[in-house]
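The values are calculated or read from the model by the stated rules, or taken from the named source; none is laboratory data. What you are looking at is a predicted structure, and each value in this text was computed from that prediction instead of being measured. Neighbour counts run over all protein chains shown; Cβ positions are idealised from the backbone, glycine included.
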Amino acid sequence: MDELAELAERVASRSGRREKVALVASYLSALGDEDLGRAIRFLSGRPFGPRDPRRLAVGHVSLREAVTAASGWDAETVTLSIREVGDIGEAIGLLMRGKTAERPLSLAEAESLYRELARRRGAVEKEELLRECFLRYRPLTLKYFVKVITGDLRIGLHEKMLLEAVAAACGVKPDALRAAAERTGDPAEAALAARHGRLEQISTRLFRPLDFMLARPIASAREVPDPENWLVEDKYDGIRAQAHVAAGRAALFSRGLADVTQAFPDLAAALERLPGSAVLDGEVVAWREGRALPFTALQQRLARKAVPLFLPLEAPAAYVAYDLLLRDGRELMELPIEERRAELERLLAGHDEPLLVAPQRQATDQDELVRLFAEARARGNEGLVLKRRGSRYEAGRRGGAWLKWKQPLATLDVVITAAEQGHGKRATLLSDYTFAVRSGDRFVNVGKAYSGLTDQEIRELTERLRALATARAGPILLVRPEIVLEVAFDGVQKSQRHESGYALRFPRIVRWRRDKRPEDVDSLERVRQIWEASLSSPGRSPSR
Ligand code: AMP
């Protein structure tokens with residue numbers, strides 16, 4: 001862990017992508033098999049493998065309590081330092097300087113500490129272990145030990161770069177490694193196979209679910225400057241489900257990769273009749289008279305363990321398929337969406353309810369997109385999902401090849417309090433914004449958004465924000481709260497990360513409100529009201 005921390009520092013201090021990748025590759029190639037897996041997991045901000053059910057369940061409050069106890073600093077100083085530094089891992093490293101036994105920590109030991117943390121029940125027990133760790137290991141190591149707990153190293157090493165480094169370290173092509181990592185859902189497993197020349201043997205396994213491709217939220221058609229490059233489907237309000245079918249057997253897996261077959265015996269029976277083997281992606285919806293019913297109609301089903309097949313069901317279900325990932329042993333994920341779609345239509349041709357294919361539409365301009373959105377809503381669906389022409393199936397990614405556009409839960413006017421540089425072509429611009437609402441005569445942060453503005457607006461904002469800067473905390477520029485944005489979001493959740501106690505889910509920028517002043521922004525009270533209202537509205541299953 002000590003070497004990993006030193007490597008992370010070096011990676012963070014370099015700005016060149018190639019240099020970062022080369023540093024990580026040379027570090028990884030010197031590691032033994034077991035450490036290779038651990039290092040890959042830790043560098044991607046995960047204490048355990050993606051399929052490991054263990055959870056640390058350690059929040060910011062526990063980290064703060066533990067560092068207060070270990071460092072001897074008073075609670076106020078600790079809270080202030082964390083806020084000023086902007087990253088709790090970094091703050092803990094600084095607060096523990098000169099106060100630890102500076103013992104070495106290996107990757108294997110770090111892993112057993114994470115296991116022990118996950119095993120311990122209750123905050124007090126976890127904090128006790130954290131306190132002991134904080135007193136024992138080197139401050140720099142602690143910084144990254146904690147960053148793995150909070151889930152993000154923040155060293156500008158994105159997943160794609162990490163995979164490139166792993167590929168270089170194992171002597172294989174990045175694309176081959178990425179594809180294998182998507183098939184197994186675990187980059188460490190793919191890395192080991194690559195190192196031992198077994199990459200080709202990794203194939204999609206039937207009845208073992210793959211990660212789902214995810215959609216990036218957008219708030220309006222304005223965010224799609226090139227509608228002709230997208231295929232348009234309705235966004236169904238159902239349960240995302242992957243269907244595995246082979247030799248008369250069928251299984252349905254939900255978002256949490258849980259097997260939900262028993263809740264849908266009617267769908268399983270229809271899927272079992274499909275010829276050959278296949279893995280489909282799609283949505284389970286409640287279906288009546290040719291249209292989808294709201295999701296709540298399906299909830300009773302999920303609540304029950306087993307649903308009797310021949311009883312008249314309150315809400316008949318349908319499976320609306322929209323992708324095909326495997327067909328008779330052939331993997332299709334790397335093929336363009338149009339080809340996967342054609343195979344899907346062939347597979348389901350001649351089938352009727354409850355197996356359907358999501359109709360696909362096209363738009364030539366933004367007005368037409370707006371019309372398609374309205375039509376989808378009129379059919380009782382949530383909005384639209386846009387899929388980029390020519391795109392492959394990116395398992396487990398929210399990479400922007402799918403966009404989801406639904407009616408936001410609400411929008412809020414907020415003020416920017418901090419900004420960060422973006423990635424890729426936005427690396428020199430301030431394009432990630434932390435934003436706040438009013439609380440008395442102060443502003444308290446409720447989220448961070450980085451999409452929704454045009455490049456021109458981002459350039460202009462970058463200049464304005466630089467002029468408003470008051471301080472810098474690592475990569476974050478703190479700014480005087482002056483710029484007002486309208487943001488849309490999908491929900492409000494309680495959060496220990498922000499002092500406000502709340503965080504918006506999937507916030508995206510609707511527009512820059514040049515007409516509004518900071519004193520006009522929404523209040524924390526309004527955020528609380530939205531949160532409370534969402535508690536009493538029909539609940540949504542977390543597995544969706
Ligand atoms: P959200 O529920 O807001 O996270 O939106 C993403 C989800 O949209 C996916 O995980 C799917 O469950 C759902 N969805 C509904 N219709 C489609 C569709 N046509 N294509 C892809 N995803 C869809």
Per the filter on segment 220-255, residues among the charged types (D, E, K, R), more than 9 Å from the ligand (Cβ to nearest atom) and either crowded, with 22+ Cβ neighbours inside 10 Å or within 24 Å of the chain's Cα centre (by Cα) (or both) are ARG222, GLU223
Within segment 343-372, restricting to residues that are acidic (Asp, Glu) and within 14 Å of ALA270 (Cβ to Cβ), the one that is farthest from the chain's Cα centre (by Cα) is ASP352
When segment 461-511 is checked residue by residue, the ones that are in contact with a helix residue (DSSP H, G or I) (Cβ under 8 Å, 6 or more places away or on another chain), more than 21 Å from VAL85 (Cα to Cα) and surrounded by fewer than 18 Cβ atoms within 10 Å (Cβ to Cβ) are GLU482, GLY491, GLN493, LYS494
Scanning segment 272-290 for residues that are under 32 Å from the mean Cα position of the chain (by Cα) and either within 15 Å of the ligand (Cβ to nearest atom) or hydrophobic (A, V, I, L, M, F, W, C) (or both) gives ALA278, VAL279, LEU280, ASP281, GLY282, GLU283, VAL284, VAL285, ALA286, TRP287
Kindly check whether there is at least one residue in segment 203-220 that is outside the structural domain of ASP52 (by TED's automatic domain parsing), β-branched (Val, Ile, Thr) and closer than 20 Å to VAL320 by Cβ. no
Going through segment 43-59 in order, the residues found to be over 18 Å from ALA181 (Cα atoms) and either touching a Lys or Arg at 6+ places or on another chain (Cβ under 8 Å) or in contact (Cβ under 8 Å) with a residue 12 or more places away in the chain (or both) are ARG54, ARG55, LEU56, ALA57, VAL58, GLY59
Of the residues in segment 153-200 that are without any contact (Cβ under 8 Å) to a residue 60 or more places away in the chain and assigned to a loop (DSSP other than H, G, I, E, B), the one that is farthest from LEU113 (Cα to Cα) is LYS173
- Any chance segment 131-152 includes a residue that's in contact with a His (Cβ under 8 Å, 6 or more places away or on another chain), assigned to a helix (DSSP H, G or I) and crowded, with 18+ Cβ neighbours inside 10 Å? yes
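Against the definition (within 16 Å of the ligand (Cβ to nearest atom), under 31 Å from the mean Cα position of the chain (by Cα), touching a residue at least 12 places away in the same chain (Cβ under 8 Å) and surrounded by fewer than 14 Cβ atoms within 10 Å (Cβ to Cβ)), how does ALA258 come out, yes or no?
Here the answer is yes, as ALA258 does meet what is asked.
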- Quick check: anything in segment 24-43 within 30 Å of GLU499 (Cβ to Cβ) and either surrounded by 17 or more Cβ atoms within 10 Å (Cβ to Cβ) or touching a Pro at 6+ places or on another chain (Cβ under 6 Å) (or both)? yes
Restricted to segment 95-110 and to residues being under 28 Å from PRO475 (Cα atoms) and in contact with a helix residue (DSSP H, G or I) (Cβ under 7 Å, 6 or more places away or on another chain), the residue surrounded by the fewest Cβ atoms within 10 Å (Cβ to Cβ) is ARG97
Taking segment 377-430 and keeping only residues that are modelled with pLDDT under 85 and within 16 Å of the ligand (Cβ to nearest atom), one is left with GLN407, PRO408, LEU409, ALA410
Those residues of segment 440-461 which are among the polar types (S, T, N, Q) and either modelled with pLDDT of 95 or more or within 20 Å of the chain's Cα centre (by Cα) (or both) amount to ASN445, SER451
Filtering segment 192-229 for residues that are under 12 Å from LEU386 (Cα atoms) and not small (Gly, Ala, Ser) leaves a count of 10
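Residue by residue, here is whether (1) closer than 29 Å to TYR433 by Cβ; (2) assigned by TED's automatic domain parsing to the domain that holds GLU499; (3) not in a helix (DSSP H, G or I) holds:
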{"residue": "VAL21", "(1), (2), (3)": "yes, no, no"}
{"residue": "ALA25", "(1), (2), (3)": "no, no, no"}
{"residue": "GLY37", "(1), (2), (3)": "no, no, no"}
{"residue": "ARG54", "(1), (2), (3)": "no, no, yes"}
Against the definition (on the phi < 0 side of the Ramachandran plot and at pLDDT 85 or above), how does ARG514 come out, yes or no?
yes
